[in-house]
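Participant: Just dropping this structure here.
The values are calculated or read from the model by the stated rules, or taken from the named source; none is laboratory data. Keep in mind that what you see is a predicted model, and the values were worked out from it rather than measured. Counting neighbours? That spans all protein chains shown, and the Cβs are built from the backbone with ideal geometry, glycine included.
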Amino acid sequence: MRRTIYRDLDALMYAGFPVVSERRDGKVYYRFLDSFKLGDVPFTADEILALAFGEDLLRALEGTVFHDSIQSALSKIRAGLSEELGAFLGRLAESFRVLPGPHKRYADYRRTIQTLNDAVLTSTTVEMIYRTGRTGEESSRQLDPYRIWYRGGSLYVIGHDHRSREIRTFAIDRIREIAPAGKHFEIPDSFDFDAYTASGFGVVAEPASHVRIRFAPSWASHIREHCWHASQQLSALADGGVEMTLEVGTTAELTSWLLSFGPGAEVLEPAPLRAEVRQQLEAALKLYS
């Protein structure tokens, strides 16, 4: 009986359940662990698992202050645990894994990110040399940075661009030089980050249009399983396909996404977007004619 109990306890620990043992008065006692106590602050197993999960999530930002900081926090937690609890944390970290998808590398932009982070926190205007993505043209700008934004494997900064006198979004890896401008700004009460980004299908903000797309039956499950945009509405079609409606800007990002489905997606509305997708498909077809 005792041997069976010990075997079952070992199996629970091996499977990753929070079972720990401690020796008192020459006897070994087993118990389930409710929390890890670091000083006066208790952490539950789920909370520590979330931190380890976050370390994987931020792996795409390896070499930056964001990834380095969560690694530092986890190192401090591990240092405060006994050897036995540290081993349990290791099992927790291995029980859930996150592998980042396609992403940019930001290790070479540590100073840029730190400068922007400090500027956002202190509401300081920055001067920068920025390279435009499509033309490669470099320009000197002053920017009041409001937010740093991680989206789709890339880092962006959103703020008031003094050159265009508009709120603009800039890719951090296209900033060639950056330095504080020595003056401060205030974010206007009218700025709402969620509202600013709501109409964008990607990172480019444009006025929203009513978009209607028909997806073939072969793509129906894939479409239903994902949240592509907060405004999406799905309707089942008689042939097994699905129709999606969106309220988004009709940017190049949306066009690229639609083209990724090939013949599996048909734009029904608006007419200009339908014409743009058709033009792109015809241009692609010429490459294979």
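Participant: Among the candidates Gly101, Gly133, which residue alone is farther than 30 Å from Leu51 by Cα and in a loop (DSSP other than H, G, I, E, B)?
Facilitator: Gly133
Participant: On to the next question. Can you tell me how many residues in region 91-133 are modelled with pLDDT of 80 or more and within 25 Å of Arg163 (Cα to Cα)?
Facilitator: 23
Participant: Evaluate the following for Phe191: is it under 21 Å from Arg278 (Cα atoms), among the aromatic types (Phe, Trp, Tyr) and either free of Cβ contacts under 8 Å to residues at least 60 places away in the same chain or out of contact with any Cys (no Cβ under 7 Å at 6 or more places or on another chain) (or both)?
Facilitator: no
Participant: Going by the structure shown, is Thr122 exposed (fewer than 14 other Cβ atoms within 10 Å of the Cβ), of a type in the set (Ser, Thr, Tyr) and within 27 Å of Gln71 (Cβ to Cβ)?
Facilitator: Against the criterion (exposed (fewer than 14 other Cβ atoms within 10 Å of the Cβ), of a type in the set (Ser, Thr, Tyr) and within 27 Å of Gln71 (Cβ to Cβ)), Thr122 qualifies.
Participant: Can you tell me which residue is modelled with the highest pLDDT among those in region 39-90 that are part of a helix (DSSP H, G or I), more than 24 Å from the chain's Cα centre (by Cα) and of a type in the set (Asp, Glu)?
Facilitator: Only one residue fits best here, namely Glu83.
Participant: Look through region 148-202, keep the residues that are in contact with a helix residue (DSSP H, G or I) (Cβ under 8 Å, 6 or more places away or on another chain) and among the hydroxyl-bearing types (Ser, Thr, Tyr), and return whichever of them is farthest from Gly101 (Cα to Cα).
Facilitator: The extreme case among them is Tyr156.
Participant: Tally up the residues in region 187-218 that are surrounded by fewer than 17 Cβ atoms within 10 Å (Cβ to Cβ) and part of a helix (DSSP H, G or I), please.
Facilitator: 7
Participant: On to the next question. Applying the selection to region 235-267, what residues are surrounded by 15 or more Cβ atoms within 10 Å (Cβ to Cβ) and assigned to a strand (DSSP E or B)?
Facilitator: Within region 235-267, Val242, Glu243, Met244, Thr245, Leu246, Glu247, Val248, Ala265, Glu266, Val267 qualify.
Participant: Still on this structure: Could you pull out the residue among His160, His184 that is surrounded by 18 or more Cβ atoms within 10 Å (Cβ to Cβ) and either among the small types (Gly, Ala, Ser) or over 20 Å from Phe66 (Cα atoms) (or both)?
Facilitator: Step by step, each of His160, His184 is checked, and only His160 is surrounded by 18 or more Cβ atoms within 10 Å (Cβ to Cβ) and either among the small types (Gly, Ala, Ser) or over 20 Å from Phe66 (Cα atoms) (or both).
Participant: While we're here: With respect to the numbered conditions (1) without any contact (Cβ under 8 Å) to a residue 24 or more places away in the chain; (2) crowded, with 19+ Cβ neighbours inside 10 Å, which one is the sole condition not fulfilled by Glu166?
Facilitator: (2)
Participant: May I pose another question? For region 268-289, which positions are in a helix (DSSP H, G or I) and either under 23 Å from the mean Cα position of the chain (by Cα) or closer than 19 Å to Ser209 by Cβ (or both)?
Facilitator: Ala271, Pro272, Leu273, Arg274, Ala275, Glu276, Val277, Arg278, Gln279, Gln280
Participant: Output the qualifying pairs, or none if there are none: Cβ atoms under 7 angstrom, residues six or more apart or on different chains, first residue in region 223-234 and outside any helix (DSSP H, G or I), second residue among the basic types (Lys, Arg) and loosely packed, with under 15 Cβ neighbours inside 10 Å.
Facilitator: What qualifies is Leu234/Arg224.
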